[in-house]
Structures are given as C-alpha cells and as structure tokens.
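Contents: one structure, followed by commentary.
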Amino acid sequence: VLPAVGRRLGLIKATPERQRYYDIARFQWATVQKLAADTDDTRPKLVFCHFLLPHPPYVFAADGSFVAEDKNPRDVAANYGRQLLYTNAQIKAFMTTLLAVPEAQRPIILLQADEGPYPARYNANTLTFDWSTATDAEIRMKYGILDAYYLPGVTTTGLYPSITPVNSWRLILGDYFGTDTPLLPDRMYTSRGKFRPYDMTDVTSRLTPIPSPAPP
C-alpha cells in the first residue's frame, strides 16, 4: 500500500508497468542469447527459462519496438498477434544460436508452453467462471500448448503423440541417463474455478483422441 501511495504523491518514481514488462522480456532474451553463445564453458548445465510472452500486456510490435498503448484495446487478436510474431522471431533466433555448433555439442532442448490463451468468456468473468461449463473449443484453447523436443545423440526415443508435460522429464531422464522414472498416465483436469480449485473434472477425452500408451 505504501509504495502505491508514494507513487501517487510523487514521492516514489516507478517504471510504468508496460515499460517494465517490456524491459524484463528484453533482458531475458539478451541473457539466454549470451548463455547460448558462450561455447567456452563446456560444463554440463541445466538452463531453465520462463518467458511470460506472449502473455499480456501487449507491449511488443512485430519488429520488437515498444508499444506504449494498445492501438485498439478491444482487438485482442491483433495485439496478441503482433507480440506473438516478435516472440516467434526471438525463439527462432535463439534456437539457431543453440544449434550453431557441431552436432555432438548440441544441447537437449525442450520448448514447452505452460498453458494456452484464456477464452473470451473467462476474461469477461474471471472470478466466477465455472470451467465445468466450458465448451470443447474453450477447453482446447486453454489446454493446447506448444510442446517441442530436440533430443540429439539418441537413436530412438520414447516420444509419442499424446505425451503431456507430466512425462516430459521422466522420458528425457530415462532416455539419456537410464533413470527409473516410469511414465505417469497422461490425464488432464480442470477445476470448477478460482474458489473451487480442488473440485476437479477429468477432461482428457475432450482433448486427446489419440490414447496414451500404458506406462511400462
């Protein structure tokens, strides 16, 4: 509360939210590009990067320039699209850097989203939206994610079309290090809403027409 009052009175200067979001994202991209370009450090390492893009606020134009305000706040698709174009360009550049080394030195890459966009009906009523009433299209929008793997140096992998994030690292650790990490059932659940987080409904059948293989 006090920082907010201080900013209102002009006693505390703070970077506006949109500019701060923009600066943080650019810093993240610069940091991972620096890590990827450092070929002198050959020690094994695990690098985890969590980017909030293309989440709102929509502060990036397609060319990466700063957008001070959404030109048309109601046109979410257009604002999202511009930020997504920038995000995709950065990801492609990052992947190019990671793979610009001899094949034997290329890293394991897991490019994975944590969730899909929120449907319009949810955004209109975030507090009381009941996910048990969501349509198939809304469920697919929210649960559809990018889940891409680059697994160098192994002749065969246990990847399968309906794999879900619960099994990503179990599979990778098993393929590369022979760990005893059996796969879990690929199931997807939704809760009733913000105030009923543990009232779960299995929505797997609405999302995956391809059945998952039974865990070994």
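Just so you know, all these numbers are worked out from the coordinates, no wet-lab data involved. If you're wondering where the values come from, they're calculated on a predicted model, not measured in any experiment. With ideal geometry, Cβ positions are generated from the backbone for all residues, glycine too; neighbour counts draw on all protein chains shown.
Side notes on the structure shown:
- Normalised by the number of residues in the chain, the average gap of Cα pairs under 8 Å and 6 or more apart makes the relative contact order 14 percent.
- For the chain, adding -39500 (n - 2.57) for each run of n ≥ 4 DSSP H residues and dividing by the number of residues yields -11000 deg cm²/dmol at 222 nm.
- Each label point was placed 7 Å from the Cα along the Cα-to-Cβ direction; for Met200 and Ile91 their separation is 2.7 nm.
- Averaging the sequence gap over all C-alpha pairs within less than 8 Å and six or more residues apart, then dividing by the number of residues, gives region 67-161 a relative contact order of 31 percent.
- Relative frequency of Cα-Cα separations exceeding 25 Å in the chain, percent: 56 percent
- P(r) weight above 20 Å for region 108-216, C-alpha pairs, percent: 48 percent
- Calculated FRET value between Ser65 and Asn125, using beta carbons and R₀ = 25 Å, to 0.05: 0.15
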